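One structure is given below, encoded as structure tokens.
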Amino acid sequence: MDKIPWKKILDQWPAKILSVAAALLLFFYNRIDTLGEKNITVPVRLITDTSLVPAENWTSRVKLTIRGPKDELSALSEHEIEAVADFSDRSGEGIYRAPVQIRRRGNAADLENLEIVADPMMLRLRLERKVIKTVPVVPQFSGQPGKDFELSGFNVSPSRITVEGPRVRMGKLKFVETEPIDLRGKTDNFTIKVHLVLNSSLLDFPLGHSVEVYGKMKSSLQTMTFPSLQPQIVGLVSGLEVTIPPSPVAVRVRGTRQALAGLGAEKVHVEADVTNFNGPGEAVDVPIRVLLPPGVDLVEVMPAVINLILEKKP
């Protein structure tokens, strides 16, 4: 058996060691230069028993750190990686943990040199029994309608909506509101499709999340009638008189609810102005003039003209 040539091997050994070290450094440098890392965030797909749903807010997205050859990293599409938390083997209410599984699809399945690490690696989840029920829809309105108009009524179709979610939260749910419906400047009736609003991501509308709201607009002005107001004679020339007092007139006025609330007959002044009439023994037709407080408008006065007889004072 030949002896190992130690003398030849150890000959100029410092130079040989340096050569090996240099080769190793070049190898690792080249290796590091071709490796890369990228971070992405992806949604977590939750798998549960169909009778159970999450009962509290949970980590719905995870951060993935991906390491591997740069050419494979550049060829990777984020849509080809899926994060899954499987709780399907849990059949009762409670708090559970499950690992976040990384599933590769499409081109990613062939990129075997990539290392993928999820953060967090475990998902903690409280599950409750899923409850389904129907509740009333309550529309929400905002904004000021057109001048002297108001919303007089509305209809919602459908008037009730199906909601599903965890048992405890569903027990507290009494109704669902719509997103705000803007009434700014509206004077005509309207129909609008609006989305429903849920204050929790744990609740869902399995049969649709929008309704139609029909709104009826009407004038906010109201009318008031004073059936018997006595006209006052004004502008009567000195030396003349009205021998037969004028008959009462009826006055109908219009204004806002607030303007009419404190309006009494004493604030409605009815006048017959005879300034332009100065002949004694003259029968004259005199228009009725009505003086009203600010914010109140005259609709009609009946009769609008009265007949007066002017006589010379005795």
### Task
Whole Å is fine, so just give me how far the alpha carbon centre of the stretch 231-292 lies from that of the stretch 83-122.
89 Å
### In the stretch 169-258, trypsin sites (Lys or Arg not before Pro) in a DSSP loop with at most 15 other beta-carbon atoms within 10 Å
LYS174, ARG184
### Task
Would you compute, from DSSP H runs of 4+ residues alone, the mean residue ellipticity of the chain at 222 nm, taking -39500 (n - 2.57) per run and dividing by the full residue count, rounded to the nearest 500?
-4000 deg cm²/dmol
### Query
If the cut-off is a Cα-Cα distance under 18 Å, which aspartates and glutamates reach LYS147, setting aside same-chain residues fewer than 8 apart in sequence?
ASP182, ASP188, ASP297
### Summary
At q = 0.07, 0.13 1/Å the base-10 log of I(q)/I(0) from the Debye formula over the alpha-carbon atoms of the chain is -0.66, -1.06
### Query
How big is the charge dipole of the stretch 35-128 about its Cα centre, in debye rounded to the nearest 20, if each Lys and Arg gets +1 on its Cβ and each Asp and Glu gets -1 on its Cβ?
220 debye
### Query
Semi-axes of the equivalent ellipsoid of the stretch 201-269: what are they in whole Å, largest first, if each equals the square root of 5 times a C-alpha gyration tensor eigenvalue?
57, 11, 9
### Message
Between helix 13-34 and the chain, what is the angle of the helix's C-alpha long axis to the longest principal axis, kept within 0 to 90° and rounded to the nearest 10?
### Response
30 degrees
### Summary
Whole-Hz Karplus couplings 3J(HN,Hα) for the stretch 274-285, θ = phi - 60° and coefficients 6.51, -1.76, 1.60, Gly and Pro as x, run 10, 3, 7, 10, 9, x, x, x, 9, 9, 10, 9
### the stretch 35-128 - Kirkwood radius from inverse mean 1/r over Cα pairs (Å)
14.2 Å
### ³J(HN,Hα) computed for each position of the stretch 214-231 - Karplus, 6.51 cos²θ - 1.76 cosθ + 1.60, integer Hz, glycine/proline x
9, x, 10, 9, 8, 5, 7, 7, 10, 10, 9, 10, 10, x, 8, 10, 8, x
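Every number here is computed from the coordinates shown, using simple stated rules; none is lab data. Please read all numbers here as calculations on a predicted model, not as lab measurements. Heads up, the Cβs are rebuilt from the backbone with ideal geometry, glycines too, and the neighbour counts pull from every protein chain shown.
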